[in-house]
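A.B. asks: Structure in structure tokens, see below.
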Amino acid sequence: MTDESTPAASTAEPATVQASGGEPHDAARLNAITKSFFGVPANDRVDFDLRWGEIHALLGENGAGKSTLCSVLAGLYHPDSGEIHLDGERVDLASPQQALEHGVGMVYQHFRLVDRFTVAENLALGHPETGFVTSRRSLERQVAELGRRYGLEVSPKAAIWQLSVGEQQRVEILKLLYRGVRILILDEPTAVLTPQEAQSLFATMRAMAADGQAIIFVSHKLDEVLEVSDRVTVLRDGERVGSVETAEADPATLARMMVGRDLATPDRTRATAGGAALSVRGLFADGDRGLEALRDVDLEVRESQIVGVAGVAGNGQRELAEVITGLRRSKRGQIFLGDVDITRASTLQRIKMGLGFVPEDRMRTGMAGGLPLASNLALKAYRQPPLSKGPVVSQKAVEERARSLEKQFDIRGVRWAMPTSLLSGGNIQRAILARELSAGPRVLVAAAPTRGLDVAAIDAIRQILLDERDAGTAILMISEDLEEILDLSDEIVVLYEGRIMGRLDPDEASPEVLGMLMAGRTVDATPETAKDTA
Amino acid sequence: MNDSVLLLSLASAIVIGTPILLAGLGEMMTEHSGVMNLGVEGMMLGGGVVGFWMSSQHSSVALSLAVGAGVGALFALIHAYLAVTLRVNQIVSGLALVITGTGFAGFVGSSNDSALIYARPQSFLEPVFGESMQDLPLVGPLVFGHDWVVYMSWGLVAAAAFWLFRTRAGLAVRSVGEDPASADTVGISVGLTRYVYTMIGGAGAGMGGTYLMTQIFATYQHGITAGLGWIAFALVTFAGWRPWRALVAAYVFGALRNLGFTLQILGASVPSDVLNALPFVLTIVALIIISARPAAARKYSAPSALAVPYSRETR
């Protein structure tokens, strides 16, 4: 029962042949890939080509179709139409396993590692050549060897939970290299890394490219793309905008390619802002992974004002909302509601003081999906009369209140005792707004208020927010949707890596400037050319 | 010297510990796949009563044990269907299995034509080793004085440890218990794995029950397991999901079981209820000790997906 025929790691043998120039075939060529979800195209006839030995960046906003395109190449999604050629051969990838057999592997944003297994065990799991008896020693030796070659050093005997996020990512890459992957897709790999870890990842990527392998690097960060990639392909709204050699690209052009759609400035009515209702001073907080997610954030939202927080997801928006609403602890800094310091107040105290919250994840944190809508609508008001008398909740009052809110906020499709989760997204969002606004808040924190909704629902929700602002409420609106930010905000702040990159007046904000800020570039002076892009 | 009370009670702790070990080892395999089966007591009774009936009909002890194991596995199949396919709450389904197994044993045991209460096994196992080996000081009664089932159970412990931690199949089952979504993405069938290991658990319990009835008590009575199934269930936690620790733990629990008799012989009197509770108290103490050391807690804690139904759509 010996195990000398241990799995062959990705050897340099085929790769070096590819790297030696004159190779007739591209590593991968995607022709006219179209992939729709529920009738909405995420990729619309996208062409993409990847050469051996290059680091090819895929740049684009959230929802531009980067992840979809990568998932198609990784075999996770099957395209509705279009062709995939790998090394000159047309292939049909029905599963990630098949893609792996063709040498294509993807590192997802959420790692797929078994936490309590060691590094070596994770590599052996599911590897087709793992023998019946797992030979730890030879496995550990191979892991160490691969690690040395690509600068992916991590102890093979360590359990995954003992490793930092950056090390876990190395294990994911090692896992793919060990499977013999030669086309590596990294989906927003730096999103979870510290700057130092990112630098070490870049070194690995370069080592792999020098070895003749092909790497797709998904990012929305201009600096990183310019630093590490050989070519850039920009996607926007599911379509390919174009590809450029990185050496010939400049940040302004890329930003315009990334963001530059026609942003019609709507007729905006402005309410006259009053006194400060919500102030945040020098706020620091950690994210779930223990990395710093907010760094020295200063904010002020006045009465009758909407402050829009723009930024690509994962730059501290969620943490900001959670710290303000009391769901997450801050490390430093202060939060004021009016002139009362609420930094240490409980969530309930904040609610009682007039803070409303529309959470980002409407089903998970916004509503108790299994309960009927009437109960959900009562979730904040049930503590006081008329809904409750002492410890007893009046079901009749709850129902009556629900019916009047349904009418007022036009919530449709409600049937008696039906679980709330069966309502459509737009109706759920109306219901959350109904619950929060019926409490008469002074300050409303609204995260991604229209994400995933259809056009009619979006308009309705936005109108509700505008009306609420006109009625005097201070609204902090966090959104990844630039159009929404530009349409609704009275002031825009841009978050990047937990810092406020800039503050803009929406009338003066151009997509180019916003795009630069969101991608982490500071704008020294407002460029004269900014208006040209519209 | 080999007649000392202490030595004799240690030797008999190994005997009474054997059905606990068989059932506990089975449950350990089940739990490594992420399924918690509280029905050990029911499967011991249900499997054991059929195994006992077999022993009254046929002289092969091996056959009785196999039949008991088979019936135990069938009881476990009910749990697998409920817990894996229908994804019902595993606590409820396990408790239902206890009631079902107990009821089944009572029904089979008291029906007139079988009259199992008056039946006796046709044969009893003899120690494997000869008199000269058994008379060796100390190791004689402890190591060489047992029947082949005891030695088989040692073999099973070694096999389980090797299987779980050194083979590809073990890696697969542990990944199913730890992180079924990851296991699924590398092509391991979560459902099939859980069915198989749940049935292995049932087989262990059925075999343990049969051994208890045919070789230790040599009789069938209603509720004869008297909580041994629950002790076997606690054993898995006490042993930190590690086979070799289960071996030691089973004999510790077995010794506690005998402690009453030993104390009586020695002239002390302790209420039996206190003694019966000791295995559970000990398990709680073990959990407290383990959880005080974070690294150990991580290493010897339950599979992460234990008792969590898996469904592809909700991952």
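The values are calculated or read from the model by the stated rules, or taken from the named source; none is laboratory data. None of the values given here were measured: they were computed from a predicted structure. No Cβ is skipped: glycine too gets one built from the backbone with ideal geometry, and neighbour counts run over all protein chains shown. SASA here: full protein model, heavy atoms, side chains in, ligands and nucleic acids out. Shrake-Rupley method; radii C 1.70, N 1.55, O 1.52, S 1.80 Å.
A.B. asks: Restricting the search to region A:78-115, which residues are within 14 Å of chain B (Cβ to nearest Cβ), surrounded by 15 or more Cβ atoms within 10 Å (Cβ to Cβ) and part of a loop (DSSP other than H, G, I, E, B)?
C.D. replies: A:108, A:111, A:112, A:113, A:114, A:115
A.B. asks: Conditions: (1) crowded, with 23+ Cβ neighbours inside 10 Å; (2) away from chain B (no Cβ under 14 Å); (3) at pLDDT 85 or above. Residue A:220 meets all but one. Number of the miss?
C.D. replies: Just one mismatch for residue A:220, condition (3).
A.B. asks: Kindly establish whether residue B:306 is within 14 Å of another protein chain (Cβ to nearest Cβ), open to solvent by less than 60 Å² (accessible area, probe 1.4 Å) and over 14 Å from the mean Cα position of the chain (by Cα). First the steps, then the outcome.
C.D. replies: Numbers: within 14 Å of another protein chain (Cβ to nearest Cβ): yes; open to solvent by less than 60 Å² (accessible area, probe 1.4 Å): yes; over 14 Å from the mean Cα position of the chain (by Cα): yes.
In short, yes.
A.B. asks: A further question follows. Pick from region A:25-39 the residues that are assigned to a loop (DSSP other than H, G, I, E, B) and in contact (Cβ under 8 Å) with a residue 60 or more places away in the chain: which of them is surrounded by the fewest Cβ atoms within 10 Å (Cβ to Cβ)?
C.D. replies: A:25
A.B. asks: Moving to a separate point now. All but one of (1) over 30 Å from residue A:253 (Cα atoms); (2) buried (at least 23 other Cβ atoms within 10 Å of the Cβ); (3) more than 9 Å from chain B (Cβ to nearest Cβ); (4) not hydroxyl-bearing (Ser, Thr, Tyr) hold for residue A:58, so report the exception by its number.
C.D. replies: Of (1) over 30 Å from residue A:253 (Cα atoms); (2) buried (at least 23 other Cβ atoms within 10 Å of the Cβ); (3) more than 9 Å from chain B (Cβ to nearest Cβ); (4) not hydroxyl-bearing (Ser, Thr, Tyr), only one is false for residue A:58: (1).
A.B. asks: Can you list the strands (runs of 3 or more DSSP E) found entirely within region A:304-398 that contain at least 1 residues being farther than 19 Å from residue A:449 by Cα?
C.D. replies: Correct list: A:332-337.
A.B. asks: In region B:193-201, is there at least one residue being assigned to a helix (DSSP H, G or I) and charged (D, E, K, R)? Quick ask: steps written out before the conclusion?
C.D. replies: Step one: filter region B:193-201 for residues assigned to a helix (DSSP H, G or I), giving B:193-201.
Narrowing the set further to residues that are charged (D, E, K, R) leaves B:194.
Yes, some residue in region B:193-201 is assigned to a helix (DSSP H, G or I) and charged (D, E, K, R).
A.B. asks: Of everything in region A:139-170, what is open to solvent by 10 Å² or more (accessible area, probe 1.4 Å), in a helix (DSSP H, G or I) and within 13 Å of chain B (Cβ to nearest Cβ)? Give them in sequence order.
C.D. replies: The answer is A:139, A:161, A:162, A:168.
A.B. asks: I would also like to ask the following. Answer yes if at least one residue in region B:146-160 is more than 14 Å from chain A (Cβ to nearest Cβ), part of a loop (DSSP other than H, G, I, E, B) and either among the basic types (Lys, Arg) or out of contact with any strand residue (DSSP E or B) (no Cβ under 7 Å at 6 or more places or on another chain) (or both), and no otherwise.
C.D. replies: So far as region B:146-160 goes, yes, one or more of its residues are more than 14 Å from chain A (Cβ to nearest Cβ), part of a loop (DSSP other than H, G, I, E, B) and either among the basic types (Lys, Arg) or out of contact with any strand residue (DSSP E or B) (no Cβ under 7 Å at 6 or more places or on another chain) (or both).
A.B. asks: Still on this model: Could you tell me which residue of region A:360-382 is least open to solvent (accessible area, probe 1.4 Å), considering only residues that are without any contact (Cβ under 8 Å) to a residue 40 or more places away in the chain and under 29 Å from the mean Cα position of the chain (by Cα)?
C.D. replies: Of everything passing the filter in region A:360-382, A:361 is least open to solvent (accessible area, probe 1.4 Å).
A.B. asks: Looking at region A:116-133 only, could you name the residues that are within 10 Å of chain B (Cβ to nearest Cβ) and assigned to a strand (DSSP E or B)?
C.D. replies: A:133
A.B. asks: Within region A:70-97, track down each residue that is over 22 Å from residue A:240 (Cα atoms) and modelled with pLDDT under 90.
C.D. replies: A:94, A:95, A:96, A:97
A.B. asks: Can you find even one residue in region A:64-71 that is more than 14 Å from chain B (Cβ to nearest Cβ), under 29 Å from the mean Cα position of the chain (by Cα) and outside any helix (DSSP H, G or I)?
C.D. replies: Yes, that holds for at least one residue.
A.B. asks: Return the only residue of B:217, B:233, B:238, B:165 being open to solvent by 10 Å² or more (accessible area, probe 1.4 Å) and within 13 Å of chain A (Cβ to nearest Cβ).
C.D. replies: Numbers: B:217 fails: within 13 Å of chain A (Cβ to nearest Cβ); B:233 fails: within 13 Å of chain A (Cβ to nearest Cβ); B:238 fails: within 13 Å of chain A (Cβ to nearest Cβ).
Being open to solvent by 10 Å² or more (accessible area, probe 1.4 Å) and within 13 Å of chain A (Cβ to nearest Cβ) holds for just one of B:217, B:233, B:238, B:165, which is B:165.
A.B. asks: Taking the residues in region B:168-202 that are under 19 Å from the mean Cα position of the chain (by Cα) and open to solvent by 30 Å² or more (accessible area, probe 1.4 Å) as candidates, determine which candidate is nearest to the other protein chains (Cβ to nearest Cβ).
C.D. replies: So, considering only residues that are under 19 Å from the mean Cα position of the chain (by Cα) and open to solvent by 30 Å² or more (accessible area, probe 1.4 Å), the one nearest to the other protein chains (Cβ to nearest Cβ) is B:196.
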